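These notes are about the structure you will find just below.
The values are calculated or read from the model by the stated rules, or taken from the named source; none is laboratory data. These figures come from a predicted structure and were not determined experimentally. Every residue, glycine among them, receives a Cβ derived from its backbone with ideal geometry; neighbour counts consider all protein chains shown. Accessible surface areas use protein heavy atoms only, side chains included; no ligands, DNA or RNA. Shrake-Rupley method; radii C 1.70, N 1.55, O 1.52, S 1.80 Å.
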Amino acid sequence: VQLQASGGGLVQAGGSLEISCAASGRTWSRSNNMGWFRQAPGKEREFVASMSWKAVRTLLTDSVKGRFTISRDITKNTVNLKMGSLKPEDTAVYYCAATRGVFGSLHDNRVDYWGKGTLVTVSS
């Protein structure tokens, strides 16, 4: 299984950016839950958001609620993270992740697949 993230870049504080992740591989299952983590410079990687495979349930970390939206297309095996009202503290490498486990597994850091990450830089 491969998770390929894209769409990172430089944006000014208050701006918006959308990143995407596409899953591929012979063993990929559409029933896998997908989501995003991020790792800021000098900090540990942290959970950001996840969405169930039927795109019914979502989970967002408190610091991004009301600003970030997660969505996915199970027919295309993609998950997107639309980020708004960005702050300099959102600067991080964002990693796509997926789990074969139940919904909530990503929030508990039970990840089966990792993408390589895409850098998001928010300037003040």
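Most fluctuating residue of GLY84, GLY25, GLY14 in a GNM of the chain with Cα springs under 10 Å: which is it? Comparing GLY84, GLY25, GLY14 in the GNM, the peak value goes to GLY25. Take the chain with all the other protein chains still there, run a 1.4 Å probe, and you get 53 Å² of accessible area per residue. Express in whole angstrom the spacing between the alpha-carbon centres of the stretch 66-124 and the stretch 24-52. Answer, in whole Å: 6.
A cut-off under 13 angstrom between Cβ atoms defines the neighbours of GLY84, and their net charge, with Lys, Arg +1 and Asp, Glu -1, is +2.
From Cα pairs below 8 angstrom and at least 6 apart in sequence, can you work out the relative contact order of the stretch 1-113, rounded to a whole percent? Each step should come with its number before you reach the end.
Working: 239 pairs, mean separation 36.8, N = 113.
Relative contact order for the stretch 1-113 comes out at 33 percent.
Which of SER63, SER24, SER105 moves most in a GNM of the chain, Cα contacts under 10 Å? Of SER63, SER24, SER105, the most mobile in the Gaussian network model is SER63. Is the C-alpha gyration tensor of the stretch 19-63 telling us rounded, prolate or oblate? Criteria: a/c under 1.5 is rounded; beyond that, a/b larger than b/c is prolate, otherwise oblate. Oblate is the answer for the stretch 19-63, as a/c is 1.5 or above yet b/c matches or exceeds a/b. Positive contributions from Lys and Arg (+1) and negative ones from Asp and Glu (-1), summed over other residues with Cβ under 14 Å from the Cβ of LEU106, come out at +3.
With all protein chains present and a 1.4 Å probe, how do LEU10, LEU119, LEU81 order by accessible area, largest first? Mind dumping the intermediate values first?
Values: LEU10 130, LEU119 95, LEU81 0 Å².
Highest to lowest solvent-accessible surface, that is LEU10, LEU119, LEU81.
Restriction of the GluC sites (Glu not before Pro) in the stretch 1-54 to DSSP coil positions whose beta-carbon has at most 16 other beta-carbons within 10 angstrom yields GLU44. With K and R counted +1 and D and E -1, the other residues having a Cβ less than 15 Å from that of PHE68 yield a net charge of +1.
May I ask you to give the percent of accessible area on the chain that is carbon plus sulfur, with a probe radius of 1.4 Å? Write down the numbers at each step before the final one.
Values: 3050 of 6550 Å².
Roughly 47 percent, rounded to a whole number.
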